[in-house]
Amino acid sequence: MSSSPWIGLLLCAGMVPLAGGGVSADEGPGRERLEKSLRKVAALKSLAYEAAGEVIEVDPSQAPAPAPAPGGGRIAIAEATLPDPATFPRKKTVRKGRVVWQRLADSDDGEPRVKFSLVGNAAVSALPPVKPAPAPAKPKGDQAEGKPVEPTEFPLRAAFNGKVLRIVNEPRQVVEQYASDEGELPGFQAPHVAALLLFPFATAGTWLDDLAPGTRYRELPPETIDGTPCSGVEVITRVVSDTEEQTGSRAASPTVMIRVYLDPQTDLPRRMATSAPQLPGARQQPLFTMVDFTRLQPDAPVDETGFEVALPPLHDLQEFEPEVQSTVETGEELPGVTLTDRAGKERRLDEFRGELVVIEFWASWSPQSKLSLPGTEQLHAEFGPRGLRVIALSLDVEEELDDARKFLDAKKFSFLTLFDGSDFAEDLGLKTLPHLILLDRTGKVLYQHTGDSPKAEKRLRRKIVEQLSSKN
């Protein structure tokens, strides 16, 4: 999917939205108020606040198994026998914390850069279903004895110092670490942390422009937050699906809603309410997640030590490389491999030694990798005459090869296409497509990323320009 990075972080936090009606398109007082607020946020050198919110979710891990439909042979599940989600156990998560942001100088590409610190806690409680199941399972443990189940509480600690993001995962006794080469806040998968972060501080002035075409806005009646009536703005947008990218049809693109309530004196956000993505035609009302921001201190004093997270005793360090999902590390040489080009000729990867090489792993059954190939063609057209070798390596096998060849014929790509890459990709530990690797002239991995994002493309282009400009 393609969407604003801020929307992606809200999805990670379990905080994104549904559809509404009676709104104006791409303009109106709602958008104007929100833009005014974001300009003020973007002008702040720092921001400190207390954040608190809770979410109640169905707990599918405890759901009863669906009853099989009667009949011989292969078991089929009849729609009428599927369990009612209202009978599933639920869980309530309460998150609280103090957050401090500090703005840094923008990157060379004009992207906002920040530091942040979070200290807080999360408590998870078991809740009964909305309605009892027809045949409830026999209770176990404390529930069978009639004892109340105490909430599971654990501390939250996270900080980004402009270079490294560290998140303490206390239940697993692990510190997750994400590096950032460009100094921009890296993506991460920690919903308890993400829920408490006021992401407009990190992306103020940019995320509205990144929303899907047709995004709509409307003003909402005031709600009282910590004793202050705050009027709201509702943003209705879409997370653009692969199907929409390929066909232009919005039938498979979920609609998301973000409700932002603004302080009447400072115009700063005081509440953000979001819900789960809603597919077109869906009738159920999703549960909203709300986070309130109180005790806001614009341009607050900053303690630099708060942006560092030490490794607690008995905790392991788990390093993540943003946008890379492979077992290959920078500086390594790829193993020798023989592949086949479109004419059936065998080609060895090491025959391109001495050239700067981009290899994109793709497959006809991967919509996202097919969508990325036109951008790869642009790289070939722009940098090929200057010495860049561009290779698209297909993972298709057997009958899939016909689909791959038809797609390539239809698009008339001019870069080199190689096949028989399935085993090679497995040897490299690739799990997601597309995956792109840039090799220097000695055949060593200079850069790689998984997926397709504007930030990754900028980093790739910068690396290519640097290498082509050098004489070595």
I'd like the full set of residues that are crowded, with 19+ Cβ neighbours inside 10 Å and part of a loop (DSSP other than H, G, I, E, B), limited to segment 333-370. ALA363, SER364
Failed item in (1) farther than 25 Å from LEU468 by Cα; (2) out of contact with any Pro (no Cβ under 9 Å at 6 or more places or on another chain), with PHE320 passing the rest: (2)
Here is a check on your reading of the model: is ARG441 in contact with a helix residue (DSSP H, G or I) (Cβ under 9 Å, 6 or more places away or on another chain), loosely packed, with under 15 Cβ neighbours inside 10 Å, not assigned by TED's automatic domain parsing to the domain that holds SER180 and not hydrophobic (A, V, I, L, M, F, W, C)? no
Counting only residues that are under 26 Å from the mean Cα position of the chain (by Cα) and either assigned by TED's automatic domain parsing to the domain that holds GLY421 or not in a loop (DSSP other than H, G, I, E, B) (or both), how many does segment 302-320 have? 7
Kindly state which helices (runs of 4 or more DSSP H) lie completely within segment 374-472 and contain at least 3 residues that are in contact (Cβ under 8 Å) with a residue 12 or more places away in the chain and in contact with a strand residue (DSSP E or B) (Cβ under 8 Å, 6 or more places away or on another chain). 400-411, 454-469
Consider only pairs whose beta carbons are under 6 Å apart and that are at least six residues apart or on different chains; among these, list those whose first residue lies in segment 327-345 and is in contact (Cβ under 8 Å) with a residue 24 or more places away in the chain and not assigned by TED's automatic domain parsing to the domain that holds ALA404 and whose second residue is surrounded by fewer than 13 Cβ atoms within 10 Å (Cβ to Cβ) and not in a strand (DSSP E or B). THR327/GLY429
Test each condition in (1) of a type in the set (A, V, I, L, M); (2) modelled with pLDDT under 95; (3) in contact with a Pro (Cβ under 9 Å, 6 or more places away or on another chain) for VAL149 and report the one that comes out false. (3)
Please indicate, with yes or no, whether at least one residue in segment 366-375 is over 29 Å from GLU111 (Cα atoms) and outside the structural domain of LEU185 (by TED's automatic domain parsing). yes
Quick count over segment 151-183, residues being assigned to a helix (DSSP H, G or I) and buried (at least 16 other Cβ atoms within 10 Å of the Cβ), is 1
Give segment 212-235 a look and list any residue that's surrounded by 23 or more Cβ atoms within 10 Å (Cβ to Cβ) and either over 19 Å from GLU32 (Cβ atoms) or of a type in the set (A, V, I, L, M, F, W, C) (or both), or say none. VAL233, VAL235
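Considering only residues of segment 277-301 that are modelled with pLDDT under 85 and not in a loop (DSSP other than H, G, I, E, B), which is nearest to TYR261 (Cα to Cα)? Steps first, please.
Taking segment 277-301 first, the residues modelled with pLDDT under 85 are 277-289.
Narrowing further to those that are not in a loop (DSSP other than H, G, I, E, B): 278, 289.
On the way: GLN278: 22, THR289: 14 Å.
Restricting to residues being modelled with pLDDT under 85 and not in a loop (DSSP other than H, G, I, E, B), the top hit is THR289.
Would you confirm, using the coordinates I've provided, whether PHE413 is over 23 Å from GLU329 (Cβ atoms) and aromatic (Phe, Trp, Tyr)? Break it down into steps so the answer makes sense when it comes.
On the way: over 23 Å from GLU329 (Cβ atoms): yes; aromatic (Phe, Trp, Tyr): yes.
When the stated conditions are applied, PHE413 passes them.
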Determine the pairs where a residue that is aromatic (Phe, Trp, Tyr), located within segment 303-326, has a partner that is at pLDDT 95 or above with Cβ atoms under 6 Å apart, the partner being 6 or more residues away or on another chain. PHE307/LYS115; PHE307/SER117; PHE307/ALA159; PHE307/ASN161
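Run down ASP396, ASP403, ASP427, ASP423 and say which single residue is buried (at least 19 other Cβ atoms within 10 Å of the Cβ) and not assigned by TED's automatic domain parsing to the domain that holds GLU111.
Values: ASP403 fails: buried (at least 19 other Cβ atoms within 10 Å of the Cβ); ASP427 fails: buried (at least 19 other Cβ atoms within 10 Å of the Cβ); ASP423 fails: buried (at least 19 other Cβ atoms within 10 Å of the Cβ).
Exactly one of ASP396, ASP403, ASP427, ASP423 is buried (at least 19 other Cβ atoms within 10 Å of the Cβ) and not assigned by TED's automatic domain parsing to the domain that holds GLU111, namely ASP396.
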Search segment 94-106 for residues being closer than 15 Å to GLU184 by Cα and more than 21 Å from the chain's Cα centre (by Cα), and hand back the single one that is surrounded by the fewest Cβ atoms within 10 Å (Cβ to Cβ). ALA105
Select from segment 304-326 the residues that are polar (S, T, N, Q) and surrounded by 11 or more Cβ atoms within 10 Å (Cβ to Cβ) and write down the one among them that is nearest to LEU165 (Cα to Cα). GLN318
Positions within segment 234-251 being at pLDDT below 70 and assigned to a loop (DSSP other than H, G, I, E, B), in sequence order: SER241, GLY248, SER249, ARG250, ALA251
Top-ranked residue of segment 184-212 - restricted to ones that are assigned to a loop (DSSP other than H, G, I, E, B) and of a type in the set (S, T, N, Q), ranked as farthest from VAL94 (Cα to Cα): THR206
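The values are calculated or read from the model by the stated rules, or taken from the named source; none is laboratory data. Remember, predicted model here, so these are calculated numbers, not experimental data. We place every Cβ from the backbone using ideal geometry, glycine too, and count neighbours over all the protein chains shown.
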